[in-house]
Amino acid sequence: MLEAKLDAASQLKKIVEAIRDMLGECNIECNETGLALQSLDKSHIVLVSLLLGSDGFSEYRCDRGVTLGLNINSLATVLRCANNDDILTLRSEDRANELILTFEDSKADRISEFNLRLMDIDQEYLAIPETEYAATVVMSAAVLQRTLRDLSALSEAVTIEIDKEGIRFSAEGDLGKGSTHFKPCVDMENAENSINITLSEPVSLSFNLQYFSNITKASSLSSTVTLQMTAGMPAQIEYKLPSGHVRYYFAPKIED
Amino acid sequence: FAMQKSIESFFGQK
């Protein structure tokens, strides 16, 4: 039996909006620690890992594991019926075939209830290896999104090089090439504009910019993003949530 | 010429 309450529906609405374009049918695993979703995007190039900790809910109860098999776009559609500041409750009985969502306005004189049909989705779960990343960069989520968007005008791929001088994003295409380099810096006024680099050795990887733009849709969830890279492995891109995270494991393009 | 790899080629199945 799952019963989880959020004081503002916007907390869940914006997370689902950020990942809905990448995903289709997926299982949301609910247990006493919270809600977890792990799913490959349609291209199998990105693995999305979402965790919403139970302490992020104003009320949370899940005494036995519940799996919510649903299409993320259907969930997004139902959530569109909630106002951002509605109180949102998710409820599902054990082995139920529906998820009940209720939206109450704060004055509690309007309450909507939606029943989302659940499905049995046999999903392959991938083992995410513990990885020692050669480089970790913490930077503004908006700056990363803007940098990649600018370079997507030049090419469908971006090369990211991280060394002790900083982090360079570069792209080359038919009309020419371009690059943006950021030095490590600390911005005392607003810390989110700082560029913090932890490096054990330089690393350079290339990625598809179309998929990267899907990933950076999560920039609305967190002011900073953590980018972790190591040679020959998928990058880990993490947007922290008040009590959880949205993590993307992004497969690089490998020189053959 | 850089080849796009899939995630499965890096992460095994559980």
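What number of residues within region A:30-45 satisfy the criterion of being surrounded by 17 or more Cβ atoms within 10 Å (Cβ to Cβ) and either within 25 Å of A:Ala108 (Cα to Cα) or of a type outside the set (A, V, I, L, M) (or both)?
First, the residues of region A:30-45 that are surrounded by 17 or more Cβ atoms within 10 Å (Cβ to Cβ): A:30, A:34-35, A:37-41, A:45.
From what is left, the residues that are either within 25 Å of A:Ala108 (Cα to Cα) or of a type outside the set (A, V, I, L, M) (or both) are A:30, A:34, A:38-39, A:41.
Adding up the residues that qualify gives 5.
Conditions tested, residue by residue: (1) within 14 Å of chain B (Cβ to nearest Cβ); (2) modelled with pLDDT of 95 or more.
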{"position": "A:Ile167", "(1), (2)": "no, yes"}
{"position": "A:Ser170", "(1), (2)": "yes, yes"}
{"position": "A:Phe182", "(1), (2)": "no, yes"}
{"position": "A:Glu192", "(1), (2)": "no, no"}
{"position": "A:Ile195", "(1), (2)": "no, yes"}
{"position": "A:Ser213", "(1), (2)": "no, yes"}
{"position": "A:Ala218", "(1), (2)": "no, yes"}
{"position": "A:Val225", "(1), (2)": "no, yes"}
{"position": "A:Ala231", "(1), (2)": "yes, yes"}
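Hey, among A:Leu144, A:Leu227, A:Leu205, A:Leu154, which residue is among the hydrophobic types (A, V, I, L, M, F, W, C) and assigned to a helix (DSSP H, G or I)?
Numbers: A:Leu227 fails: assigned to a helix (DSSP H, G or I); A:Leu205 fails: assigned to a helix (DSSP H, G or I); A:Leu154 fails: assigned to a helix (DSSP H, G or I).
Exactly one residue qualifies, and that residue is A:Leu144.
Provide a single number: the residues in region A:52-68 that are at pLDDT below 95, of a type outside the set (Lys, Arg) and more than 14 Å from A:Ile28 (Cβ to Cβ).
Looking only at that region, the number is 1.
Which pairs turn up if I take residues in region B:3-14 that are facing chain A (nearest Cβ under 7 Å) and look for partners that are among the basic types (Lys, Arg) with beta carbon separation below 8 Å, at least 6 apart in sequence or on another chain?
Once the first residue is facing chain A (nearest Cβ under 7 Å) and sits in region B:3-14, its partners that are among the basic types (Lys, Arg) give B:Met3/A:Lys253; B:Gln4/A:Lys253; B:Lys5/A:Lys253.
Name the pairs: first residue in region A:6-18 and of a type outside the set (Gly, Ala, Ser), second residue buried (at least 17 other Cβ atoms within 10 Å of the Cβ) and part of a loop (DSSP other than H, G, I, E, B), Cβ to Cβ under 8 Å, at least 6 apart or on different chains?
Here the result reads A:Leu6/A:Phe57; A:Lys13/A:Ala82; A:Lys14/A:Leu221; A:Ile15/A:Leu221, each pair linking region A:6-18 to a residue that is buried (at least 17 other Cβ atoms within 10 Å of the Cβ) and part of a loop (DSSP other than H, G, I, E, B).
The values are calculated or read from the model by the stated rules, or taken from the named source; none is laboratory data. Being a predicted model, the structure only gives us computed values, none of them experimental. Positions of Cβ are generated from backbone atoms using ideal geometry, with glycine treated the same way; all protein chains shown enter the neighbour counts.
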